[in-house]
Each structure stands twice: as structure tokens, then as C-alpha cells.
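Asker: Have a look at this one.
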């Protein structure tokens, strides 16, 4: 009875409040309220094949490249919780002079095939950091937001000079969830890796063939799986409070 009275006394309640405050003070904060980050990812890849054989495809003669850059910015309006945006640009090109696929008695050749595409990706998102144990150096993060992708591509017989081929516009809109992990290399510089995991998207395609015939397609998708094709690795720089 005495212990209960002591606990309910003003002094006992004050000590309990002090314990709660101390617990909150010890909670790890990776991104403090009022701070923001700038960063993103970039990549480039190129290739050249000279009479190269790969599996059933023989005599490949081609050149090509792929380039992408995605800057991002995020403002934290609460500890470990922020709102941000990213805009990415990508471009791909493949020019195949010749290639031949052979499988038993079947064979198929390809000559003077030219493919070029470019795209713009945008996303507005909420980001939440979940520190690992009591660490301020390693944390999981989740981005959830609205995204849009605008892409154009063409494949044609580039070397013939003829207006022959297919031109396509591909637009996609959706709601996405991308989890990842962040590791701080210093007090303000962090490396991150994230993948696509879940999303609801709608895409619409329109084509024109040989500048004469038109084609259209639409699709709706709901996904819940790790999409390694959406893997992103980059650097973030935290500014403001740390």
C-alpha cells in the first residue's frame, strides 16, 4: 500500500514522466525534423560486339549504350519522416548490323535493326527511416508515393534511309512502395539501395507503323513482389540538422 501511494504521489508521477522523456531522447533519429537531403543515382553502360557468339545467337555485330540519371530531394517535417520528389531521365540505343539465331534446323537472321528509346520518370513520395537497433548509421527506409513514366521508342531500318519502323509512346501512372536500406559513410553522406516491391499501375501505349498504321494498347497491373529490375543504388547528402 505504501509503494502504491508513493507511485501515485506527485514525486512518483514526475519520475515516470522523466523516464518517458529519457526514452524519447534515446530513440535513434537518422533524419531530424527540419533537415533535408539531396542526392540520387546515375548509371552508364555501353557495349560493342564484333562477330560475337552468345548461346544460340551467332555472328553478332552491334553497338549500344544505356544511360540514366535520377536526382532526388526530400524535406523532413518530422523525425525520420519526410516528403520528397525525384525526376529521372534514361536513354537506350542498340544498333545491330547483323545477328543470326540457330536452333537445330531452325534459323532466323536479323540485319540493320536500330532501336532507340528515352524516358522520363517522376515520383512524389513519403519516406520513413527505421533505424536498425540503436544505430544512427544503418537504417531501413520505405518510399511510398505516386509516380509517372513517359517513354518514347522507335525501331527501324536506320541504315536503309527508308521511313520504315515502329514509333511508340508509352505512358504509365501508378502508386508504388519501394523499400530499401541506407548506410551512412559519414555524418552527412549516405549510400542507399532500394527495390520496387508493391504497386498499382496503369499504362497506355500508342504506336504508328511505317508512318501509316496506328496501334494502341492499355494495361492495368497490381504487383506485390521484389522487382530487381527496379533496383536503385545511389548517394544521399543530408543538410541542415544532424
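Any read-out appearing in this document is the output of simple, stated calculations on the displayed coordinates, not a laboratory observation. The structure presented is a predicted model; accordingly, all values stated were derived computationally and were not measured. Cβ atoms come from the backbone with ideal geometry, glycine included; neighbour counts cover every protein chain shown.
Asker: If each of residue 58 and residue 101 carries a label point 7 Å out from its Cα toward its Cβ, how far apart are those two points in nm?
Answerer: Modelled inter-label distance: 1.6 nm.
Asker: For the peptides 214-220, 57-63, 132-138, what is the packing order when you average, over each peptide's residues, the other Cβ atoms within 10 Å and list the highest mean first?
Answerer: Details: 214-220: 9.6, 57-63: 16.0, 132-138: 12.3.
Descending mean neighbour count gives 57-63, 132-138, 214-220.
Asker: Could you calculate the contour length gain from residue 188 to residue 122, that is, 0.36 nm times the residue separation minus the distance between their Cα atoms, to one decimal place in nm?
Answerer: Numbers: separation 66, 0.36 × 66 = 23.76 nm, distance 2.52 nm.
Fully extending the segment from residue 188 to residue 122 adds 21.2 nm.
Asker: Quick one: Kirkwood hydrodynamic radius for the range 55-166, alpha-carbon pairs, angstrom, one decimal? Mind dumping the intermediate values first?
Answerer: Details: mean 1/r = 0.0555 Å⁻¹.
Over the range 55-166, the inverse of the mean reciprocal pair distance is 18.0 Å.
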